Amino acid sequence: MKYLYYFNIFFLFLSCNRTPYPADIEAVLDSAGKNRKQLELVLEHYSQQEKDSLKLQAAEYLIRYMPGKCTETYEARWEDIASALYRWDNVKNKERLMQELGEKKVYEDIHCITAQYLINNIELAFWVWQEQPWGKHIPFDTFCEEILPYRVGKEPLEDWRGKVLAAFDDQLAYFKEHPEISVVEACCRINRLLPTFAWVSYPMPAMNYSMLMSTPRGTCDEMGALAVFVMRALGIPVSQDFTLQWPNRIVGHSWNSVCDSTGRYISFMGTEANPGETHLGTRLAKSKVYRITYAKQQTDGKDKANLPDELANPYMKDVSNEYANCTYCVDIPKLPAVQTDAAHTVYLLSFGKEASCIVDKGELIAGKIRFTHIGNRVTYLPVSFSDGHYTAIGYPFRIDESGILHIFSTDPTNREIAIVTDIGLDQSMLYRMQEGVFEGANQADFADKKTLYTIKDMPKADYQAIRVPDMTAYRYVRYVSPKGGNGNVAEVEFYGEEGKKLTGKNIGTSGAWYNGMTTCDKAFDGNIYTFFDAPEGKGDFAWTGLDLGKPQSICEIRYCPRIEDCRITSGRTYELYYWNNNEWEVLERKQAESDQLIFQVPVNGLFYLRDTKNDVESHKFFTVKEGKQVWL
């Protein structure tokens, strides 16, 4: 094909006089050792003609930020690695399985990359940039970061651009025939063509384009990486964004963003959700959002040797202000007893009950601690960091859904009544019902389905009641989980005329997660503590419903999301912990005499509860408002 370039670079006969390079480029060349010649060949190749001046800048860009880029791979053949990944869940001795794959090898790019590989990458990147209808709207700096890079992560290098261009040749023809198409429309079109991934919960090896296409299995990182490979090869500027850690969960999440013709970034989930559609990265609360970059980001160097691991990656850029709920700026009072000055670095801790993570740096300004572009619905703690440990230097705080700042400056001298009724609801699964749909039909295969209601917002951890204005009679009714929801719902109830609860034969997606008991009938067993959880591979658009036996009108739908509940139980002893502005401390130990506990607690405090018999603690922190628990 005319756009595939393969260069014989050995026609170059370099003079004995070395070309003077910028100091930062020269430093990279020196560190390349024996491979210096390969990098110089690239620079010399684009130094011959004035028309290649922009390509020379691109080559310098790739070389300047090449240190640290590498391939990580195992000794085993990829076919054996892929086979191991598919068998992972069913293999008991995982350590032995990993040993069979051999030792992990690391190859630094500056020591082994070839001139031919870099030149081929540059030529194809420039060709597709100039060829696509939207290319004229992509500035050079955006091109350098989001189209030009020759790798995405630590995957084995290959001619992925040539492979993508060959595989998507029909799409290139379509773009040429439709010059009016926008880059976002092109992104949507290509994303729909990518394979659906099987979600796994274990770490995956770094995979290149061919590996990802042949083994569509992985986490959000692998899904996003495939989107980056394909989009960039087709001239669509796409990056990977991520949040370091979900509030109160030990894992983070990544997704993609595409840069439109105005320079605005629109997020999407590679292989799953298109730009403009909701996905996990837009639904859940986030403390900060970062973007993976090829170029090394500038740092002030302060406390560099003592930088927390979470912020030590120099190839991540803060893009929180591009996300609607991550634009808040706050000034938090410093703890009076803490001695700090402008020479100290302050950090922002995402302060979760079950998981905490440093997510950003702050500033000390006039005795206040300032943090910018942070998200709401997350509990934070200003801290200092030293030798792997952090120390509180400010009060915990939180920005609520309305954007109101709440600072938890515990006042032990003032007390209020707190009625504690449960040890904590785990609401981490509530998002799995957002965009879920209730449908009615009169054909068993739902070919004539009608939407009765769509859950637009994330539901609460309790029963929700919905009035259905459509009085059409349906024999078959069901709840259809959104993509990624895995069918999760605890209870579904359909009511007919005069408020009569309708019954029928359960129908729906067969099986359960890990062959367990969470089958689709659990949504109709009257027990909110059981729930439907679809088997692996069937989770996307899983459904559960009823065959009512005959058509009947649906007047109301009631549903309860999947939750994990731990109520107060009479006879058990509980410990109430509170944050004393410096650390957690037991406020009181009390035995329950009913299904609730009553404490006298410090005003404006932050608390959690521990069941001493079961050694179970609250999943989250709570505060007290008007005598009642308010979960954070």
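Below is a table of values for the structure above.
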read-out	value
Contour excess over end-to-end distance, with Cα ends at ARG558 and LEU405 and 0.36 nm allotted per residue	51.7 nm
For the chain: relative contact order, % (alpha-carbon pairs under 8 angstrom, 6 or more apart)	9 percent
Segment 493-632 - Rg (one decimal) and Dmax (whole number), Cα, Å	21.0, 64
Cut-off 20 Å (backbone N to label point 7 Å along Cα→Cβ of GLU277), residues of segment 157-175	171
Residues whose placed amide H lies under 5 Å from that of MET316, excluding near-sequence neighbours	THR293, GLN297
Efficiency of FRET between ALA473 and VAL338 - r from beta-carbon atoms, R0 51 angstrom, step 0.05	0.15
Overall form of segment 427-506 per C-alpha gyration tensor (a/c, 1.5; a/b vs b/c)	prolate
Dimensions in Å of segment 19-165 - Rg and Dmax from alpha carbons	18.7, 61
Cross-link pairs beyond the 19 Å C-alpha cut-off, checked among LYS92/LYS538; LYS317/LYS353; LYS334/LYS620; LYS288/LYS317; LYS590/LYS613; LYS105/LYS154	LYS92/LYS538; LYS317/LYS353; LYS334/LYS620
Mean separation of Cα contacts under 8 Å, 6 or more apart, over the residue count of segment 38-189: relative contact order %	28 percent
Along principal axes, Cα extents of segment 321-402, largest first, whole Å	34, 30, 20
For the chain, accessible area per residue (1.4 Å probe, heavy atoms of protein chains only), Å²	46 Å²
Computed [θ] at 222 nm, deg cm²/dmol, the chain (DSSP H ≥ 4; -39,500 (n - 2.57); rounded to nearest 500)	-5500 deg cm²/dmol
Spin-label model distance (nm) - GLU575 vs SER594, 7 Å beyond Cα toward Cβ	2.7 nm
Apportionment of accessible area to carbon and sulfur, the chain, percent (1.4 Å)	49 percent
Average projected area [Cα convex hull, segment 502-551], square nanometres	3.8 nm²
Estimated FRET transfer efficiency (GLU363, TYR390; beta-carbon r; R0 25 Å; 0.05)	0.90
P(r) histogram, all alpha-carbon pairs of the chain included - 10 Å bins from 0, percent	3, 13, 20, 23, 21, 12, 6, 2, 0, 0
Ratio of Rg to Rh over segment 320-472 (Cα coordinates, Kirkwood Rh, two decimals)	1.15
Phi-based couplings in Hz for segment 393-404 (Karplus 6.51, -1.76, 1.60; Gly and Pro marked x)	10, x, 7, x, 8, 7, 10, 7, 4, 8, x, 8
Summed side-chain charge close to CYS259 - residues other than CYS259 whose Cβ falls under 11 Å, Lys, Arg +1, Asp, Glu -1	-3
Amide H partners (placed H, <5 Å) of GLU556, local residues excluded	VAL468, TYR495
Cα pair distances exceeding 18 angstrom across segment 149-220, given as percent	51 percent
Overall form of segment 361-428 per C-alpha gyration tensor (a/c, 1.5; a/b vs b/c)	prolate
Convex hull (Cα only) mean projected area of segment 393-549, reported in nm² to one decimal	13.9 nm²
Contour excess over end-to-end distance, with Cα ends at ASN604 and GLU50 and 0.36 nm allotted per residue	192.7 nm
Förster radius 56 Å - calculated FRET efficiency between GLU626 and MET98, Cβ distance, rounded to 0.05	0.55
Size-normalised alpha-carbon gyration radius of segment 105-204, reference 2.2 N^0.38 Å	1.24
Spread of Cα-to-Cα distances over 10 Å intervals beginning at zero, given as percent, for segment 258-404	10, 37, 35, 15, 3, 0
From phi via Karplus (6.51, -1.76, 1.60), per-residue ³J(HN,Hα) for segment 284-292 in Hz, x at Gly/Pro	8, 5, 10, 7, 9, 10, 10, 10, 6
Net lengthening on full extension, LYS538/ASN515 (0.36 nm per residue, minus Cα-Cα)	7.1 nm
GLY424 long-range amide H proximity, modeled H, under 5 Å	CYS566
Using θ = phi - 60° and Karplus 6.51 cos²θ - 1.76 cosθ + 1.60, couplings along segment 511-522 (whole Hz; Gly, Pro as x)	x, 8, 4, 6, 6, x, 9, 8, 6, 5, 5, 5
Shape category assigned to segment 152-291 from the gyration tensor of Cα positions, a/c cut at 1.5	oblate
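The values are calculated or read from the model by the stated rules, or taken from the named source; none is laboratory data. If you're wondering where the values come from, they're calculated on a predicted model, not measured in any experiment. Note that each Cβ is placed from the backbone with ideal geometry, even for glycine, and that neighbours are counted across all protein chains shown. Quick note on the areas: whole protein, heavy atoms, side chains included, nothing else; ligands and nucleic acids left out. Shrake-Rupley method; radii C 1.70, N 1.55, O 1.52, S 1.80 Å.
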